[in-house]
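Have a look at the structure below before the remarks.
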């Protein structure tokens with residue numbers, strides 16, 4: 001294994017699961033939202049507000065394309081899938097795992113949608129965002145783990161089990177005949 005990239009909607013648990021997964025593997029952990037905040041000197045929501053959604057997505061993609069790490073669990077922002085070139089870079093870096101959570105569960109988890117730093121256009125709802133991004137997550141993922149009913153520990157175990165079955169070769173997100181779905 002080289003790097004593991006966790007993708008999914010905001011609130012799916014990428015950062016929380018990522019920390020636990022990194023500990024289990026002895027890897028580093030990188031939350032790219034925090035990296036972007038540090039690079040830009042602004043909170044994520046302030047950055048989205050200042051730049052607008054499209055420019056924010058471009059800035060995020062630039063940060064993702066500049067990544068160069070090894071033995072790291074990477075948790076990019078939920079909007080990483082909105083730019084194909086950033087997903088191509090993440091696919092080069094390692095195996096992409098989609099933490100899939102039903103919309104209803106996301107709505108329960110996300111209480112701070114207006115301040116969380118979610119790249120949403122004015123008037124766009126969480127349901128709109130989910131409908132747009134879900135096919136993209138599925139397209140870029142080499143492994144999908146349904147996390148709706150799983151505890152954090154069960155999610156980490158399911159990811160590890162899926163990665164073990166996946167094998168050692170990193171996935172190419174543009175051509176991935178080895179799609180896998182882990183369910184409980």
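The values are calculated or read from the model by the stated rules, or taken from the named source; none is laboratory data. For clarity, every value in this text was computed on a predicted model and none was experimentally measured. So basically every Cβ, Gly included, is an ideal-geometry build from the backbone, and we count neighbours across all protein chains shown.
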**Request:** Scan the stretch 55-64 and give yes if some residue there is modelled with pLDDT of 95 or more, within 18 Å of residue 6 (Cβ to Cβ) and touching a strand residue (DSSP E or B) at 6+ places or on another chain (Cβ under 8 Å), otherwise no.
**Result:** no
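For the stretch 135-149, which positions are within 20 Å of residue 83 (Cβ to Cβ) and crowded, with 17+ Cβ neighbours inside 10 Å?
Looking only at the stretch 135-149, we keep the residues that are within 20 Å of residue 83 (Cβ to Cβ), and these are 135-142.
Those that are within 20 Å of residue 83 (Cβ to Cβ) and crowded, with 17+ Cβ neighbours inside 10 Å: 136, 137, 140, 141, 142.
Going through the stretch 150-164 one residue at a time, which ones are free of Cβ contacts under 8 Å to residues at least 40 places away in the same chain and either under 22 Å from residue 82 (Cβ atoms) or crowded, with 21+ Cβ neighbours inside 10 Å (or both)? Steps first, please.
First, pick out the residues of the stretch 150-164 that are free of Cβ contacts under 8 Å to residues at least 40 places away in the same chain: 150-151, 154, 157-158, 161, 164.
Within the stretch 150-164, 150, 158 meet the criteria.
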**Prompt:** Conditions: (1) at pLDDT below 95; (2) more than 16 Å from the chain's Cα centre (by Cα); (3) under 17 Å from residue 21 (Cβ atoms). Residue 149 meets all but one. Number of the miss?
**Reply:** (3)
**Request:** Please state which one of 102, 10 is under 17 Å from residue 141 (Cβ atoms), out of contact with any strand residue (DSSP E or B) (no Cβ under 6 Å at 6 or more places or on another chain) and at pLDDT below 90.
**Result:** 10
